[in-house]
Amino acid sequence: MQAVFSDEALDILFRKARSFNDFTSQPVTDQELRALYELAKWGPTTANSQPQRVVFVKSPEAKEKLGPSLSSQNRKKALNAPVVAILAYDMRFFEHLPKLFHNPGARSWYETTPEQIRTTALRNATLQGAYLMLAARIVGLDCGPMSGFKNDVVDAAFFPDGRFKSNFLCCLGHGDPSTLPKQDYRFAFDEACQIA
């Protein structure tokens, strides 16, 4: 089977891409952040719901605000990265469906119970987080996704009205390859998949 993309592109996106803990001092520009969003926004979501919301934490003041939420293991990684993306989801995403989706009844499918709303928002925003990381790699940035933080502290600091909820964080910048450990094992097809 012939790949649609070159081996070089597949290496950048997947095979040689790494999660970085250390980044160089090279800054990330606002234009790069806009470019990665302009790519990532095209990834599919349920009923084109697009529940993800992103705060790109760059300034010293914003990083100081983020600091108390971080685990001790992730504090240095996050605060030394040029950018930390707070990837969140909108608990009222369904309000936008009349503009986003071609079926005018779609809003009623999702504005049901808080649990259903959260499940739909979280699932689709997580997909969007993956698209964002792939888009970052396409525009030449490296990623360091992480879960080691207190969601409630992030939410209180950045989303005090409660509408948005943090999902995960992702450091963005130009990774320092000299600090990378050996690449970890990935499951082979037969270890992880079945064809039924």
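The values are calculated or read from the model by the stated rules, or taken from the named source; none is laboratory data. Keep in mind that what you see is a predicted model, and the values were worked out from it rather than measured. For neighbour counting, all protein chains shown are included, and Cβ atoms are generated from backbone atoms with ideal geometry for every residue, glycine included. Ligands, DNA and RNA are excluded from the accessible area calculation, which covers all protein heavy atoms including side chains. Shrake-Rupley method; radii C 1.70, N 1.55, O 1.52, S 1.80 Å.
Values computed for the structure shown
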read-out: Subset of the stretch 148-173 (residues that are under 15 Å from the mean Cα position of the chain (by Cα), surrounded by fewer than 19 Cβ atoms within 10 Å (Cβ to Cβ) and modelled with pLDDT of 95 or more); value: 151, 168
read-out: Residue list for the stretch 34-56, restricted to those being open to solvent by less than 50 Å² (accessible area, probe 1.4 Å), of a type in the set (A, V, I, L, M) and more than 12 Å from the chain's Cα centre (by Cα); value: 35, 47
read-out: Long-range neighbours under 7 Å by Cβ, at least six apart or interchain, first residue surrounded by 16 or more Cβ atoms within 10 Å (Cβ to Cβ) within the stretch 119-136, second assigned to a helix (DSSP H, G or I) and not hydrophobic (A, V, I, L, M, F, W, C); value: 120/46; 120/110; 124/46
read-out: Unmet requirement for residue 47, which otherwise passes all of (1) on the phi > 0 side of the Ramachandran plot; (2) outside any helix (DSSP H, G or I); value: (2)
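This table checks each residue for (1) closer than 25 Å to residue 157 by Cβ; (2) part of a helix (DSSP H, G or I); (3) at pLDDT below 95; (4) small (Gly, Ala, Ser).
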residue: 54; (1), (2), (3), (4): yes, no, no, no
residue: 61; (1), (2), (3), (4): yes, yes, no, no
residue: 76; (1), (2), (3), (4): yes, yes, yes, no
residue: 84; (1), (2), (3), (4): yes, no, no, no
residue: 118; (1), (2), (3), (4): yes, yes, no, no
residue: 121; (1), (2), (3), (4): yes, yes, no, yes
residue: 125; (1), (2), (3), (4): yes, yes, no, yes
residue: 136; (1), (2), (3), (4): yes, yes, no, yes
